[in-house]
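Step one of this worksheet: look at the structure below.
Quick note: the coordinates plus some simple rules give every number you see, no bench work behind them. Predicted model only: the values in this text are computed from it and were never measured. We place every Cβ from the backbone using ideal geometry, glycine too, and count neighbours over all the protein chains shown.
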Amino acid sequence: MTVAAGFSPVYYLCTRQHAYTIGVFLGYYPHGLGGVLRIIPYEETGSLGSVAPGTFIFTDFERLTPVQMQAATDLFDSVAAQDPGLLLLNNPAKALGRFDLLKRLKGASLNGFDVHRLDQRQAISRFPVFVRWESRHDPPLTGLLDSAQALEVAIAALPEPIRHDPDLMIVEYGAAPSADGRFRKYSAYKVGSTIYPQHCFINENWYIKFPSTRFTEADRAESRAYVADNPHAAEIKGVFALAGIDYGRIDYGMIDGRIQTFEINNNPTVLARPPGWDAGANYGRYADLHAKALQGIIRSASSAPPLKLGDGSRSVDAIHADAMRKVRRRIAWFSLRRSLSLRGLKKRLANRFRG
């Protein structure tokens, strides 16, 4: 493997389908990490042989099957045993999933809201609540439900296969509007020992995936000030420690001056689109923040013996190149779909004016 002179590699382990989370950042933005960071899909670990000692980031646990999760845990343990001095981020055996994390935060009085499994719903006394998947990053399956009866009706309305899925959970409402009547979702990253804020999204709706379409210049200034000040770093550090997660992104709100954690994503999307995708949007600053954080976990080249990861003979470079080709195909597909959509819109508008 070709590694930048004097530095050990950083291996990023994720599912093949979700390599874009770090891949767009690597493939389309200047970061100075091209000779250091390598993506290794879990599906390819067995085809590797020996690799140079380096830093390992394990991610994507909620997308792994139980068998794959055990394999990831075994790989983590194997690498740690071969070279105890290596920096390994996110131990699969210790990282908490969304349900367990929110339960523990409530138990520690760090969150004011609780979570419940569907078969525990008779004991719920705090409403409103909503139903969502534990392991997926999809919007909630229901709106806010203000009573036990409304919850029963909503669950009964779910399709049969979904209604009995053990991945479902009930979440007590844990957000609150700010003084201006709008909601704020804060997001911050932990990369090793570095905590850095990414953005503050402001929306009229309590569930925030993106900022409001009426995101004003004052809103942008507020988000920039949040990133510059990093006001909640100490509290965030404690939540990550409780979660057993060394690399990831926390999404949270603020109620009465206290952070309320919604989730920690251990394979978060750093950047979803290339530079210039949206006119006027400066995605480069997100890349700069993440590159600086990653530089903090890069170590000097090691003289230790190679590590055995799998029983194959493929090189890390070849596997990384395959992963990046898939990322570029993904972006090309989105670009094509976007252009076709715009072309169709222009055609419809032209026909309307022509008539």
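Quick notes on this one:
- Segment 177-290: C-alpha gyration tensor shape, a/c 1.5 cut-off, then a/b vs b/c: oblate
- Per-residue [θ]222 nm for the chain (sum of -39500 (n - 2.57) over DSSP H runs n ≥ 4, rounded to 500): -11500 deg cm²/dmol
- Within the straight-line cut-off of under 19 Å between alpha carbons, the aspartates and glutamates reachable from LYS308 are GLU43, GLU44, ASP74, ASP77, ASP83, ASP317, sequence neighbours fewer than 8 places apart in one chain being disregarded.
- Partners of LYS292 within straight-line reach, counting lysines whose Cα lies under 26 Å from its Cα and excluding those fewer than 8 residues away in the same chain: LYS185, LYS190, LYS209, LYS237, LYS326.
- Distance between modelled label sites at ASP138 and VAL153, nm, 7 Å Cα→Cβ extension: 2.3 nm
- When mean projected area of the Cα convex hull in nm² is computed from the coordinates, the matching label among (i) 17.6; (ii) 21.5; (iii) 24.5 is (ii).
- Listing TYR11, TYR196 from fewest to most neighbouring C-beta atoms within 10 Å gives TYR196, TYR11.
- Relative contact order, percent, the chain [alpha-carbon distance under 8 Å, six or more residues apart]: 28 percent
- Dipole magnitude (debye, nearest 20) for the chain, charges at Cβ of Lys, Arg, Asp, Glu: 1640 debye
- Plainly put, segment 114-172 has a radius of gyration that is 0.91 times its Kirkwood radius, both from alpha-carbon atoms, as the Rg/Rh ratio.
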